[in-house]
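Structure first, then comments.
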Amino acid sequence: MSATNVSLESSSAGGKGAPVALADGIQGSAYDVLSEQPKGRKLTLLGVFCFALFLDTFNNSSLFAAIPPIAEQLDIPNSQSVWLLSAYQLTFAALLLVSGRVSDLYNPKWVFVIGASAMAVFALVAGFIRSEIPLILLRALMGAGGALTIPSALHMIVHIYPDPADQAKAITVFGGMGAIGIVLGLIIGALFVSFASWPWVFYFSTIVSVLITSSIVILVPNIRRTKEGESRAEKLLRFKRLDLIGVTVFTASLILFIFAVTSGSIDGWGSAKVIAPLVISVVLMVLFFLWEARLPESYAALPPKMWHYENFTILTVISLIPFMWWGSIFPLFSWLDELVYDWSAINTGVHFLPIGLGIFPVLPLAAGLQSKLRLKWVIVIGFALQLIGTILLPFGNSKERYWPFIFPGFLLGTAGSALIYATTNIALLAVTPASASGIVSAVFNCMLQTGGATGVAIVTSIQTSVQISHGGPNGFAGRAAGLWFLVAMSATLMVLFVVFMKDTVGPVDPTAPPPRLDSTEPKDSSEHSV
């Protein structure tokens, strides 16, 4: 079995605590052309991929400042304006699985280029739209473009940096840019709203998309995934491995689920509009796993063997929490600051700076911890920081309590979330084959986005129900209740993680020798170097 270049500690390799570096095992593969690039080009490509992840989170957080003027100009009710955020999350999360599968089977360079190009076009058109439904539809199409870029980007990063230590650092930087994009997106969006107009949020997305698309076209060499003279039968077999039935069922299930939880925060959880899609989504997800179980492993979009990799399931579950935290904190406090405290969009953005500032020391800290500690304990440290920070936030019920409670809560909470985010990503790649890095990235990002959408929906519902009898929409009681839910969620996942995560992953060790390729898994004969 081939695996990624992150060391594991396995009792079968010299006893517990003995580092074993796991290598891809595919020698002379099509991806050698990536790993052999000059160091400067590698760094440039990593920067471009980081901007792609930045753009994804920017496309969400920039809307926090832009939604009020958009809703006012287009006469969108407050209860419906949430769809300007959720439409992007819905298609982004739902299409990640097919994106990851295509990245693994075909050329990830062109998967990325198609996605970034689509995002540029749809964002540009959105800047000229002055109608609610078309704008929401274009936001959904932007999410579809974004879904193509992230798994393909991580797929290429893994192969650009095959060395264990370098790969871990690259993935940490890549993950950190997502969190930075959340904060900078809010501030940039506020600047556009204050000094230009809300369409510039979309124009900015177009400009960045064009830049990263052009950079990838120019800088990434051609990755030839098919051999010369590939027969029609071989092409058909490759196409069948996309598992279109499986990914279609999965996509439909996730779309219905996110639609249901978002609608629940708007229309109430007892309405047929919520219950029907929620039930159907669960049924479809069950059918998806049954379908995957009956397919040969090489033809399944999400092979059942993925869940048998040690620690894969628990790492996937805790991937819910980082974006659940960030996604819930921003609407809770941005709307409080602007609507209750009457702060300007820029002033609100400045008060969120601790979330952005908390990321920068975490990146070198994460790399250092990952090289010294087994990854389980790095993630536990992240949970502890997030939990302490979140506990402080419900006590910040006035402007005067910003510095003693909100400021340190933002710093600690975002540091913990970033540590969980970056280290979980590395740990997932450590327990799965490098040849499946696209699908692993898709699963990881799918859980992130599902956590974000679900967290916002649940927190909003809790806030709405509590504030009816405790202080109204301008009070803090409803927001405090939502924050206590985050505390409970973080604590629960932390306990589950400590109990079920086996202490066998990491630390990242660049000196451990790679093992031989497991003969039970054949090389991908469709990969040929240029």
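The values are calculated or read from the model by the stated rules, or taken from the named source; none is laboratory data. If you're wondering where the values come from, they're calculated on a predicted model, not measured in any experiment. Virtual Cβ from ideal backbone geometry, glycine too; neighbours counted across all protein chains shown.
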(message) Being in the same structural domain as Ser99 (by TED's automatic domain parsing), modelled with pLDDT of 85 or more and surrounded by fewer than 21 Cβ atoms within 10 Å (Cβ to Cβ) is the requirement here; does Leu320 meet it?
(response) yes
(request) Could you give me the residue pairs with C-beta distances under 6 Å whose first residue belongs to the range 31-46 and is farther than 17 Å from Ile212 by Cβ, whose second residue is at pLDDT below 95 and among the polar types (S, T, N, Q) wherever it lies, and which are 6+ apart or on separate chains? (result) Asp32/Ser529
(message) Any residue in the range 142-171 that is part of a loop (DSSP other than H, G, I, E, B) sitting within a Cβ distance under 9 Å of a residue that is of a type in the set (Ser, Thr, Tyr)? List the pairs, counting only those 6 or more apart or interchain.
(response) Tyr161/Ser35; Pro162/Thr4; Pro162/Tyr31; Pro162/Ser35; Asp163/Ser35
(message) Between Ala300, Ala272, which is over 22 Å from Leu496 (Cα atoms), surrounded by 18 or more Cβ atoms within 10 Å (Cβ to Cβ), among the small types (Gly, Ala, Ser) and free of Cβ contacts under 8 Å to residues at least 60 places away in the same chain?
(response) Ala300
(message) On the basis of being surrounded by fewer than 24 Cβ atoms within 10 Å (Cβ to Cβ) and either basic (Lys, Arg) or under 22 Å from Lys305 (Cα atoms) (or both), does Pro433 make the cut?
(response) yes
(request) Considering only residues that are among the basic types (Lys, Arg) and not in a helix (DSSP H, G or I), look in the range 479-530 and name the one that is modelled with the lowest pLDDT. (result) Arg516
(request) Specify which of the listed residues (Leu95, Leu154) is at pLDDT below 90, more than 22 Å from Val33 (Cβ to Cβ), out of contact with any strand residue (DSSP E or B) (no Cβ under 6 Å at 6 or more places or on another chain) and assigned by TED's automatic domain parsing to the domain that holds Leu53. (result) Leu95
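To keep it simple, each residue is scored yes or no on (1) aromatic (Phe, Trp, Tyr); (2) touching a Ser or Thr at 6+ places or on another chain (Cβ under 9 Å); (3) touching a residue at least 12 places away in the same chain (Cβ under 8 Å).
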{"site": "Lys372", "(1), (2), (3)": "no, no, yes"}
{"site": "Lys376", "(1), (2), (3)": "no, yes, yes"}
{"site": "Gly382", "(1), (2), (3)": "no, yes, yes"}
{"site": "Pro394", "(1), (2), (3)": "no, no, yes"}
{"site": "Asn397", "(1), (2), (3)": "no, no, yes"}
{"site": "Arg401", "(1), (2), (3)": "no, no, no"}
(message) Please verify whether Asp75 is surrounded by fewer than 20 Cβ atoms within 10 Å (Cβ to Cβ), at positive phi and not polar (S, T, N, Q), treating the condition exactly as stated.
(response) yes
(message) Considering only residues that are among the basic types (Lys, Arg) and at pLDDT 85 or above, which ones fall in the range 98-130?
(response) Lys109, Arg130
(message) Just to check your reading of the model, which residue among Phe112, Phe122 is assigned to a helix (DSSP H, G or I), surrounded by 21 or more Cβ atoms within 10 Å (Cβ to Cβ) and more than 20 Å from the chain's Cα centre (by Cα)?
(response) Phe122
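Residues checked against (1) assigned to a helix (DSSP H, G or I); (2) touching a helix residue (DSSP H, G or I) at 6+ places or on another chain (Cβ under 8 Å):
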position: Ile355; (1), (2): yes, yes
position: Leu363; (1), (2): yes, yes
position: Leu369; (1), (2): yes, yes
position: Val378; (1), (2): yes, yes
position: Leu385; (1), (2): yes, yes
position: Pro394; (1), (2): yes, yes
position: Asn397; (1), (2): no, yes
position: Trp403; (1), (2): yes, no
position: Thr414; (1), (2): yes, yes
(request) Write out, first by first residue and then by second, each pair whose Cβ atoms fall under 7 Å of each other, whose residues are 6+ apart or on separate chains, and whose first residue, in the range 463-476, is within 19 Å of Phe330 (Cα to Cα) and assigned by TED's automatic domain parsing to the domain that holds Gly396 while the second is buried (at least 16 other Cβ atoms within 10 Å of the Cβ) and charged (D, E, K, R). (result) Gln463/Arg479
